[in-house]
Amino acid sequence: MTTVAVCGGGIGGLATAIALRKFGLDVTVYEQTRQFARVGADINLTPNAVRALDGLGIGPAIRESAARPQFRISRTWDTGAETSRLPMGDSAEQQYGAPQLTMHRGDLMTALENRLPSGVVEMGRRVGGVADGRIEFTDGSSVSADVIVGADGIHSAVRTALLGREQPTFTGVVAFRAVVPTERVGDLPNLDCFTKWWGPNPSTQIVTFPLNQGKDIFVFATCGQEEWTEESWTTPGSVTELRELYRDFHPEARALLDACDDVLKSALYVRDPLASWTDGRAVLLGDAAHPMMPFMAQGAGMAIEDAVVLSRCLSLFDDPAVALQAYQETRLQRTSRIQRGSRSNEWLKVAGNGDWVYEYDAWHVPLELAAARTDA
C-alpha cells in the first residue's frame with residue numbers, strides 16, 4: 001500500500017488526509033504547532049469548495065455554524081450602484097449542487113479534525129528538509145514515505161526543498177479584517193449577502209459577508225501600501241486609520257467600518273504560478289503550490305480541490321510518480337488561471353458568469369495524464 005506523509009495540518013493538509021483515508025490509503029499528517037488553535041477569522045466557501053467538503057463527509061458539521069449568503073453583490077464604492085447580483089444560497093445549491101457558506105476558519109478546522117481518528121496527525125513536527133522520500137524534522141528525527149505532500153503554506157519547507165530558497169512577493173496591498181455583531185448595524189440592507197464594494201483602483205475594496213449563522217458580519221478591506229515593515233504578517237490595526245482610508249466610500253459601507261471596535265492589519269503576498277509542482281516523490285498542494293490574492297475567495301477552495309484530486313490520483317495509479325504527474329496535469333491550468341485572475345481583481349466586477357469557478361466538481365473532473373488520458 002502506498003504510504004503518504006502530509007507536511008502541514010491546515011485546511012489542505014487535513015482535507016488530504018480525510019480524502020486519502022476515504023480511498024483506503026495510509027496517511028500521516030505532520031504539523032509543526034504543538035496544538036491546534038482557533039486562529040484566523042473568516043473563510044468564504046464557494047459552491048465548488050462546499051461540494052468537495054460534502055464528499056469528505058463534513059457537510060452537516062460545517063452547516064451548523066455557517067451562514068448562507070443569499071446573493072453575491074458588486075457595488076460601486078462611491079455611488080453604491082449595483083453592477084452585478086449573482087444568486088447564491090438555495091439558488092446556488094440548485095445550480096451547482098452546493099451552496100456558498102461563510103464561517104469562521106476555526107469551525108472548519110474543527111470539523112476536519114473531528115473527521116480524523118487519533119494518531120493520524122502528529123503535532124510538534126517541524127519539517128527541516130525533504131529528500132529522496134524522507135522527511136528530516138528539526139528535532140533530529142525522520143520518517144520515510146512513498147509520497148510526501150507539501151501542504152505547509154506559503155513558507156513551505158517542502159517547496160524550498162524542491163525549488164530552493166525563495167521569498168514570496170509583497171504585493172503592495174494590505175488588508176484589514178474585523179468582525180461586527182449584526183445587531184449593531186441591523187438596519188443596513190444586504191447584510192445576508194456577500195457584498196463587494198469595488199474601489200477607485202484594483203487595490204482598494206471593501207468586502208462584507210455574514211458569519212455565525214448571520215449573527216456577525218465580517219469586514220475585509222484592502223488598499224495599497226508601499227512597503228510592509230512589520231515582523232508579523234498580521235498585526236493589530238488602527239480603527240481610526242481604517243475609517244480614514246475609506247472616508248469617501250458610500251455611507252452604507254462606512255457604517256460597517258464605524259461599527260468596528262478592533263481590526264487586524266496584514267500584508268498580502270503572492271508567488272507566480274509554477275510550471276511544475278512535483279519532483280520525484282514529493283508534491284505541493286494549496287498555498288505551497290499556488291498562493292493567491294484573496295480577491296476571488298478561492299485560496300482555501302483550491303487547496304480542498306487539490307486534496308480531492310490528489311487522493312483520487314493516488315488511489316487510481318499504482319505508480320506514485322504517475323499519480324503525482326496526473327494530479328499536476330489535472331490541476332495546474334485551473335489554479336494558474338485563478339492565481340492570475342485573483343491578482344488582476346476584475347472577476348465579477350460587472351454582471352458575469354461564475355460558472356467556470358463554481359461548477360467545478362473535484363470528485364468527478366476527468367483526471368489528465370498526457371501518457372494515458374483517463375476519464376476516471
(request) Return yes or no: is Tyr269 at pLDDT 95 or above, hydroxyl-bearing (Ser, Thr, Tyr) and touching a strand residue (DSSP E or B) at 6+ places or on another chain (Cβ under 8 Å)? (result) no
(request) Mind telling me which of the residues Ser342, Ser315, Ser311 ends up being at pLDDT below 95, assigned to a helix (DSSP H, G or I) and of a type in the set (S, T, N, Q)? (result) Ser342
(message) Is it the case, given these coordinates, that Thr208 is at pLDDT below 95 and not in a loop (DSSP other than H, G, I, E, B)?
(response) no
(request) Find the residue count for the range 265-280, including only residues that are in contact with a Ser or Thr (Cβ under 8 Å, 6 or more places away or on another chain), part of a loop (DSSP other than H, G, I, E, B) and either of a type in the set (Lys, Arg) or over 12 Å from Ser336 (Cα atoms) (or both). (result) 1
(message) Of all residues being open to solvent by 70 Å² or more (accessible area, probe 1.4 Å) and either modelled with pLDDT of 90 or more or among the acidic types (Asp, Glu) (or both) in the range 357-374, which is nearest to Ala326 (Cα to Cα)? Just the residue, please.
(response) His364
(message) Suppose the filter is of a type outside the set (S, T, N, Q), crowded, with 24+ Cβ neighbours inside 10 Å, within 29 Å of Thr204 (Cα to Cα) and in contact with a helix residue (DSSP H, G or I) (Cβ under 9 Å, 6 or more places away or on another chain); does Asp306 pass it?
(response) no
(message) With the requirement that a residue be within 22 Å of the chain's Cα centre (by Cα), polar (S, T, N, Q) and at pLDDT 95 or above, what does the range 149-191 give you?
(response) none
(request) Could you please find all residues in the range 115-143 being assigned to a loop (DSSP other than H, G, I, E, B), over 17 Å from Thr160 (Cβ atoms), open to solvent by 40 Å² or more (accessible area, probe 1.4 Å) and not aliphatic (A, V, I, L, M)? (result) Arg115, Pro117, Ser118, Gly119, Asp139, Gly140
(request) Within the range 183-202, track down each residue that is surrounded by fewer than 19 Cβ atoms within 10 Å (Cβ to Cβ) and without any contact (Cβ under 8 Å) to a residue 40 or more places away in the chain. (result) Glu183, Gly186, Asp187, Asn201
(request) For the range 224-244, indicate whether the set of residues that are modelled with pLDDT of 95 or more, open to solvent by less than 10 Å² (accessible area, probe 1.4 Å) and in a helix (DSSP H, G or I) is non-empty. (result) yes
(message) Suppose the filter is open to solvent by 30 Å² or more (accessible area, probe 1.4 Å) and of a type in the set (A, V, I, L, M); does Leu112 pass it?
(response) no
(request) State whether the residues of the range 337-350 include one that is over 20 Å from the mean Cα position of the chain (by Cα) and crowded, with 19+ Cβ neighbours inside 10 Å. (result) no
(message) Test of understanding: among Arg165, Arg177, which residue is open to solvent by 20 Å² or more (accessible area, probe 1.4 Å), of a type in the set (Lys, Arg) and either in a helix (DSSP H, G or I) or in contact (Cβ under 8 Å) with a residue 60 or more places away in the chain (or both)?
(response) Arg177
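The values are calculated or read from the model by the stated rules, or taken from the named source; none is laboratory data. From a predicted model like this one, the values you see are computed outputs, not experimental measurements. Virtual Cβ from ideal backbone geometry, glycine too; neighbours counted across all protein chains shown. What goes into the accessible areas is simple: the full protein's heavy atoms, side chains included, and nothing from ligands, DNA or RNA. Shrake-Rupley method; radii C 1.70, N 1.55, O 1.52, S 1.80 Å.
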